[in-house]
Amino acid sequence: PAIIVDDQKFPLGMIKTMVPGGNIVEHVQTIRNIIARDDDVLICTYPKSGTHWIWEIVSMLRKGKAEYDTKIKETAMLEFISKDQIEALESPRNLNTHFPLRMLPKDLLDKKRKIIHVMRNPKDATVSMYHHFKAMRIGPEGSVYSGTFSEYLSVFISRELQVKGGWHNYVTDFEKFAKENPDYPILNLYFEDIKQDPKREITKVAKFLDVPYTEELITAVAERCEFENLKKANQEIKDDYITRNIAHDGRQFMYRKGTVGDWKNWFTVEQNELFDESFERWMSGSELKFKFSL
Ligand code: A3P
């Protein structure tokens, strides 16, 4: 099948203008030079892989209380805040980013600050991303992405315009890094595993963070972070200025469906075959195992 790439409709150019100062190259360089604190934790994800979810889990575990933060995770997101804002954050900082490994703050890596990396099967991540672009009024005159799912998928598969250098490069870079640096504290998690057995995965996070925890705390965190509850908290408790300012029709695009396998409602048989072919090629040489349904 033909690959259709329509630059006009693709909103990456718009995203570049969202960094503080409006210059992405400068911003990345500045962020690369931030100074690590002893208790920094860095959450790394390819977009739409469960960043909000894990950020809330990490915040609760580090507080030792299953209480929602009134802030949204973007207040600690390397893409959206300036160096001064990062320095002004209270400790412990639960930093988060979609920047690929090579763009991460050097001092944090040199000082081996803990990294939690969450991965999601790329079919669901793609569908989620499509809806994200359809919901964000960041195009000219407040427009949203005007392409169809089919067009968006072609762009994803073609790799040429993948968000921040490509899904498979993103995840396999972390895989390689963990192999080459066996003593680096990095926890790799899968969205699908958290969905399937939240308490087991939250316990893994608590152990990795080395925080005191009880069975009650894990149960409470799992319950509070369950999709509908977190979505409701985002509406009722959090100051979600992003959704308020850029969501089309007031859509809660950060909390859309929260399931595994929604891609089946979007991919045609032909698109699925094409995707599988690409997936096999991208992941040859990788030992990562993804679940596309539960
Ligand atoms: P969907 O669009 O498939 O629903 P990120 O936070 O990295 O942007 O990822 C967003 C995706 O995670 C969205 O996927 C969102 O609904 C889902 N998500 C957010 N919180 C969740 C939760 N508590 N449980 C399951 N999925 C969640």
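By its C-alpha gyration tensor, with a ≥ b ≥ c as the square roots of the eigenvalues, how is the chain shaped: rounded for a/c under 1.5, else prolate for a/b larger than b/c, else oblate?
Note, shape of the chain comes out rounded.
Pairing the Cα long axis of helix 215-224 with the longest principal axis of the chain, what angle in degrees results, from 0 to 90 and rounded to the nearest 10?
Taking the Cα atoms of the chain, the angle to 215-224 is about 40 degrees.
How big is D for region 138-274, in µm² s⁻¹ as a whole number, if Stokes-Einstein is applied with the Kirkwood radius of its Cα pairs at 37 °C and 0.692 mPa s?
176 µm²/s
What do you get for the angle between helix 149-158 and the principal long axis of the chain? Use alpha-carbon atoms, 0 to 90 degrees, nearest ten.
Helix 149-158 sits roughly 80 degrees off the main axis of the chain.
Restricting the calculation to Cα positions, tell me the Rg (one decimal) and the Dmax (whole number) of region 171-224 in Å.
In Å, with Rg to one decimal and Dmax whole: 13.1, 37.
Taking amide H positions as placed 1.01 Å from N in the peptide plane, with prolines and chain starts having none, which residues 5 or more places from Ile43, or on another chain, fall under 5 Å of its amide H?
Leu95, Asn96, Thr97, Ile116
Quick check: Cα centre of region 246-263 to Cα centre of region 38-76, how many Å?
19 Å
Report ³J(HN,Hα) in whole Hz for each residue of region 65-82, in order, from the Karplus equation J = 6.51 cos²θ - 1.76 cosθ + 1.60 where θ = phi - 60°; Gly and Pro get x.
After applying 6.51 cos²θ - 1.76 cosθ + 1.60, I find 9, 7, 10, 5, 6, 7, 8, 9, 4, 4, 5, 10, 9, 4, 5, 9, 10, 7 Hz.
With point charges of +1 on the Cβ of Lys and Arg and -1 on the Cβ of Asp and Glu, referenced to the Cα centre of region 82-206, which listed residue (Phe99, Pro198, Ala125) lies farthest in the positive direction of the dipole?
Positive-most Cα among the choices belongs to Pro198.
Using only C-alpha atoms and all pairs of different ones, pull out the Kirkwood radius for region 72-128 in Å with one decimal.
13.0 Å
Percent relative contact order of the chain, based on C-alpha pairs within less than 8 angstrom and at least six residues apart?
25 percent
If you restrict to DSSP beta bridges whose two residues both lie in the chain, what percentage is antiparallel, to the nearest 5?
Given both bridge residues lie in the chain, the antiparallel proportion sits at roughly 5 percent.
Radius of gyration and Dmax for region 248-294's Cα atoms, expressed in Å?
Reported Rg and Dmax, both Å: 14.2, 43.
What are the ³J(HN,Hα) couplings of region 191-204, residue after residue, when phi is run through the Karplus curve with 6.51, -1.76, 1.60 and θ = phi - 60°? Round to Hz, x for glycine and proline.
3, 5, 5, 5, 5, 6, 9, x, 5, 4, 6, 5, 5, 4
In units of 2.2 N^0.38 Å, what is the alpha-carbon radius of gyration of region 214-294?
That works out to 1.53 for region 214-294.
Give me the percent relative contact order of region 170-294, please, defined on Cα pairs under 8 angstrom at least 6 residues apart.
Taking the mean separation of contacting Cα pairs over the length of region 170-294, I get 27 percent.
Bear in mind that the values in this text are calculations on the coordinates, not laboratory data. Quick caveat, the model's predicted, so the values are computed rather than measured. So basically every Cβ, Gly included, is an ideal-geometry build from the backbone, and we count neighbours across all protein chains shown.
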